[in-house]
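The values are calculated or read from the model by the stated rules, or taken from the named source; none is laboratory data. For clarity, every value in this text was computed on a predicted model and none was experimentally measured. Cβ placement follows ideal geometry from the backbone for every residue including glycine, while neighbour counts extend to all protein chains displayed.
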Amino acid sequence: MSNNRTKGEDIIAAANSARWELGTNYHDSLIESIYGEASRISRNTVKQKGDKQAYSFDLKIDKIVTSRWLGFPIMFILLALVFWITVSGANYPSGLLASLLIDTLHPMLKDLATTIHMPWWLSGVLIDGAYLSMAWVIAVMLPPMAIFFPIFTLLEDLGYLPRVAFNMDNLFRKAGAHGKQALTMSMGFGCNAAGVVAARVIDSPRERLIAIITNNFSLCNGRWPTQILIATIFIGSLVPAKIAGLVSAGAVVTVALLGIFFSLAVSWGLSKTVLKGEASSFSLELPPYRPPQVLQTLYTSLIDRTMIVLWRAVVFAVPAGIIIWLVANIHVGDLSLAEYFIEWSNPFALVFGLNGVILLAYIIAIPANEIVIPTVLMLTVLSTGMSDIGAGSGVMFETDSIGNTASILHAGGWTLLTGINLMLFSLLHNPCSTTIMTIYKETRSVKWTLVSTFLPILLGLIVTFFTTQVWYLFHG
């Protein structure tokens with residue numbers, strides 16, 4: 001019995017010893033792995049005399065693109081370059097699409113309708129309304145998106161966009177928002193609906209909601225043509241022709257920067273009131289620079305972004321075109337519904353330095369910002385009774401030259417104040433219907449969708465009212 005007890009005690013002692021040694025070895029191996037990982041990180045990030053760093057090239061670039069003095073100028077120059085490439089590169093393909101879809105196919109469809117004896121009103125609704133609106137959206141929207149989204153995706157794959165978030169983090173944190181909101185804001189410059197979806201990268205529900213609400217302050221590609229045209233007509237014309245283009249571009253960039261300011265200001269206001277809370281910590285690991293995968297980039301940008309967003313816009317543009325034709329062609333007495341609204345709303349609109357044509361155009365063009373200018377020109381011709389311009393009542397159009405467009409707008413009573421306020425209202429107005437639908441899908445909240453829709457309008461009316469009062473204060 002004694003021998004058995006001794007053997008049992010020996011077994012227990014041996015087991016305890018093995019357990020202790022196992023724990024000690026595990027503890028030692030854990031500590032060794034931690035120090036090993038720290039050493040690896042140190043070798044790659046800490047500069048030591050005589051050592052070659054694995055990421056020395058990345059660090060040299062980051063010292064420039066994320067520096068306090070050069071980070072923001074480089075970021076703005078690069079974004080301005082992207083926008084310039086987008087706008088300039090889209091002019092020619094947009095012209096080709098407009099020539100094909102509007103100048104060629106539209107008359108052919110009208111001739112076909114006449115040949116088969118289609119009623120004039122049905123031809124107007126389907127061809128002058130639904131088809132023409134869809135054609136304008138495709139011609140104006142497709143080329144800029146097909147250029148902007150691939151470039152933006154290339155910058156994302158290259159590794160530069162996380163540096164943009166790093167640079168903007170401090171500003172957004174002071175505004176009570178998240179540093180990654182800089183990425184959603186940048187995406188919004190291409191399409192606000194895409195910017196809203198991009199807010200998924202923000203983990204905090206509060207900060208994600210702030211990013212969604214304020215994304216509309218990024219000028220989407222549907223609003224760039226309006227900004228450029230109005231700046232060229234009303235601001236570029238104030239200076240000698242040699243510098244007119246530069247001054248017009250400066251005015252458009254100023255409006256875009258004003259949008260960034262409003263994004264920060266509204267983020268701060270929301271974080272201090274209805275969406276109170278501290279900005280969450282933002283631990284961003286800057287990825288190494290790497291060559292982008294071109295084929296995957298093209299697929300992602302053209303299929304997953306461009307075509308999906310374009311399809312959504314077309315779906316909403318078709319009924320908008322029908323409404324445009326109806327309000328211009330349904331008469332009550334001697335005036336059309338459009339003329340009634342314009343006359344009724346003109347006194348109200350003038351308080352904000354706008355006019356009834358602009359208000360009606362933006363109401364009708366909620367489905368797509370791309371049809372604002374064609375609708376404005378059509379409504380201006382309709383309300384002023386100008387003849388031999390355009391293709392008839394309810395038919396959206398653009399002129400062949402900026403000079404002709406300027407003549408139409410001046411005949412409609414437009415002034416420099418009207419042009420400035422339109423640029424401001426184009427920045428600060430409700431999102432398009434595609435973006436509104438996307439906001440609801442992302443938030444699943446009617447309340448926040450309504451806030452996202454009407455808050456920009458309220459700000460737009462406040463800003464244009466203030467601008468108008470200042471204008472009359474100095475000009476009598």
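Which number in (1) assigned by TED's automatic domain parsing to the domain that holds Ser186; (2) touching a helix residue (DSSP H, G or I) at 6+ places or on another chain (Cβ under 8 Å) marks the one condition that Val65 misses?
Val65 satisfies all of (1) assigned by TED's automatic domain parsing to the domain that holds Ser186; (2) touching a helix residue (DSSP H, G or I) at 6+ places or on another chain (Cβ under 8 Å) except (1).
Examine the range 124-135 for a residue that is loosely packed, with under 14 Cβ neighbours inside 10 Å and out of contact with any Phe, Trp or Tyr (no Cβ under 6 Å at 6 or more places or on another chain), and state whether such a residue exists.
Within the range 124-135, not a single residue is loosely packed, with under 14 Cβ neighbours inside 10 Å and out of contact with any Phe, Trp or Tyr (no Cβ under 6 Å at 6 or more places or on another chain).
Modelled with pLDDT of 95 or more and surrounded by fewer than 18 Cβ atoms within 10 Å (Cβ to Cβ): does that describe Phe474?
Against the criterion (modelled with pLDDT of 95 or more and surrounded by fewer than 18 Cβ atoms within 10 Å (Cβ to Cβ)), Phe474 does not qualify.
State all residues of the range 72-90 that are farther than 21 Å from Leu258 by Cβ, in contact (Cβ under 8 Å) with a residue 12 or more places away in the chain and not hydrophobic (A, V, I, L, M, F, W, C); if no residue qualifies, say none.
Of everything in the range 72-90, just one residue is farther than 21 Å from Leu258 by Cβ, in contact (Cβ under 8 Å) with a residue 12 or more places away in the chain and not hydrophobic (A, V, I, L, M, F, W, C), namely Gly89.
Residue check: is Ala317 under 23 Å from Ala135 (Cβ atoms) and hydrophobic (A, V, I, L, M, F, W, C)?
Judged against the criteria, Ala317 is a match.
Are any of the residues in the range 103-114 modelled with pLDDT of 90 or more, touching a Phe, Trp or Tyr at 6+ places or on another chain (Cβ under 7 Å), in the same structural domain as Pro319 (by TED's automatic domain parsing) and of a type in the set (Val, Ile, Thr)?
No: zero hits.
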